[in-house]
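Below: the structure, in structure tokens.
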Amino acid sequence: MNLKDLTIACVGLGRMGAGIAQNIQSSGCRLVVYNRTPEKTQPFVAAGAKAARTAREASSSADIVITSLMDDQSVLDTLSGVDGMLAGMRRGAVHIGTSTISPGCSVRCAELHSENGSHYLAAPVAGRPDAAAAGKLFTFVAGEPEVIERARPVIEAYTQNIIVLGPEPAAAASIKLAINFFAASLLEAMGQAFAFAEKRGVLVPMTDLLKGFLPMMGEYIDRIANRRYTQPGFTLDAGLKDVGLMLSAAGEVHVPLPLASMIRDKCLAAQAHGLSQQDWCAFTEIARLEAGQPAR
């Protein structure tokens with residue numbers, strides 16, 4: 001598949017979606033962009049993309065539509081209705097869903113596309129906005145094998161590693177939530193370790209050691225060690241949404257996640273301290289506050 005022969009629509013141009021769209025545009029394809037706040041389409045239009053007024057319009061001329069949206073409801077709302085994607089998508093067109101959503105929502109998306117004659121790939125991504133802009137995300141993809149292969153060159157435009165999980169869309173959503181749970185648990189452990197290390201006067205060597213042990217977590221180590229949560233890649237509010245999805249999905253299969261419950265409570269406490277729009281690792285600040293350290 002030659003990307004230059006394709007029309008690709010990018011729907012949702014937030015922190016992650018904008019980085020994905022930049023890489024798609026750089027591939028040389030015909031790009032259509034849509035965002036609820038039209039101002040975010042302007043840089044892409046200036047570089048030659050076409051702006052659509054609705055998700056339906058964005059999808060109507062596209063061979064492949066990539067969505068990067070906030071949650072289950074925003075995904076379903078963007079798909080449905082007279083101005084939704086499904087009203088515009090052609091038979092055989094492909095929807096690549098990069099959002100972190102529930103397994104149940106992922107299954108519902110596949111059902112809606114099947115009824116419509118289009119195809120759905122559950123393809124949530126892992127990585128922060130800088131990785132999206134650099135084309136270095138990880139993608140977990142599930143769907144029909146032939147559709148995955150059709151879409152592979154498009155996914156490769158913004159991804160450094162594609163992990164194929166078979167035909168069931170719930171699998172891609174589930175592994176993304178499991179990975180997010182593991183990451184959140186690491187952040188909580190860091191928060192407690194740094195609270196202890198700081199009060200014992202060994203914060204700097206502790207920070208250096210963790211950077212050596214966990215190089216992929218370097219940005220989070222710096223943020224938590226220095227209590228620097230501004231300029232978020234992913235907000236606390238968004239992180240709390242994901243923790244809720246983890247707990248709900250685990251509950252469906254009767255798996256208790258006591259760490260996730262604790263992290264949810266710390267996210268709520270961090271919101272109460274006014275940290276909602278800070279980076280999502282700000283929930284680790286609660287460990288400092290519980291240790292009697294002054295708020296920043």
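The values are calculated or read from the model by the stated rules, or taken from the named source; none is laboratory data. This structure is a prediction, so every number in the text was calculated from the model and none was measured. Glycine gets a Cβ as well: all are built from the backbone with ideal geometry, and neighbour counts include every protein chain shown. Quick note on the areas: whole protein, heavy atoms, side chains included, nothing else; ligands and nucleic acids left out. Shrake-Rupley method; radii C 1.70, N 1.55, O 1.52, S 1.80 Å.
The table below lists the values:
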quantity: Any chance Asn161 is in contact (Cβ under 8 Å) with a residue 40 or more places away in the chain and either in a strand (DSSP E or B) or buried (at least 19 other Cβ atoms within 10 Å of the Cβ) (or both); calculated: no
quantity: Ile66 vs. criteria part of a loop (DSSP other than H, G, I, E, B), of a type outside the set (Asp, Glu), in contact with a strand residue (DSSP E or B) (Cβ under 9 Å, 6 or more places away or on another chain) and closer than 25 Å to Asn180 by Cβ; calculated: no
quantity: Failed item in (1) within 29 Å of Leu121 (Cα to Cα); (2) among the charged types (D, E, K, R); (3) buried (at least 21 other Cβ atoms within 10 Å of the Cβ), with Glu168 passing the rest; calculated: (3)
quantity: Residue match in the range 230-237 (condition: within 30 Å of Gln73 (Cα to Cα) and in contact with a strand residue (DSSP E or B) (Cβ under 6 Å, 6 or more places away or on another chain)); calculated: yes
quantity: Residue in the range 156-174 that is charged (D, E, K, R), closer than 21 Å to Ser276 by Cα and out of contact with any Pro (no Cβ under 9 Å at 6 or more places or on another chain) present; calculated: no
quantity: First in the range 227-255 and more than 27 Å from Leu13 (Cβ to Cβ), second anywhere and charged (D, E, K, R) and open to solvent by 70 Å² or more (accessible area, probe 1.4 Å), Cβ under 9 Å, 6 or more apart; calculated: Arg227/Arg296; Leu247/Arg264
quantity: In the range 3-30, residue least open to solvent (accessible area, probe 1.4 Å) [restricted to those that are closer than 22 Å to Arg90 by Cα and out of contact with any helix residue (DSSP H, G or I) (no Cβ under 8 Å at 6 or more places or on another chain)]; calculated: Thr7
quantity: Which listed residue is under 21 Å from the mean Cα position of the chain (by Cα) and of a type in the set (A, V, I, L, M), from Ala183, Ala197, Ala189, Ala193; calculated: Ala183
quantity: Residue that is farthest from Gly84 (Cα to Cα) [pool: residues in the range 31-53 that are open to solvent by 30 Å² or more (accessible area, probe 1.4 Å) and part of a loop (DSSP other than H, G, I, E, B)]; calculated: Ala47
quantity: Number of the exception - Ser68 against (1) within 16 Å of Val147 (Cβ to Cβ); (2) buried (at least 23 other Cβ atoms within 10 Å of the Cβ); (3) not aliphatic (A, V, I, L, M); calculated: (1)
quantity: The one condition in (1) part of a helix (DSSP H, G or I); (2) over 16 Å from Val75 (Cβ atoms); (3) of a type in the set (Val, Ile, Thr) that Val107 fails to fulfil; calculated: (2)
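Matching residues to (1) open to solvent by less than 10 Å² (accessible area, probe 1.4 Å); (2) under 20 Å from the mean Cα position of the chain (by Cα):
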| residue | (1), (2) |
| --- | --- |
| Ser60 | no, no |
| Asp72 | no, yes |
| Gly84 | yes, no |
| Gly104 | no, yes |
| Ala123 | yes, yes |
| Ala131 | no, yes |
| Phe138 | no, yes |
| Gly143 | yes, yes |
| Ala151 | yes, yes |
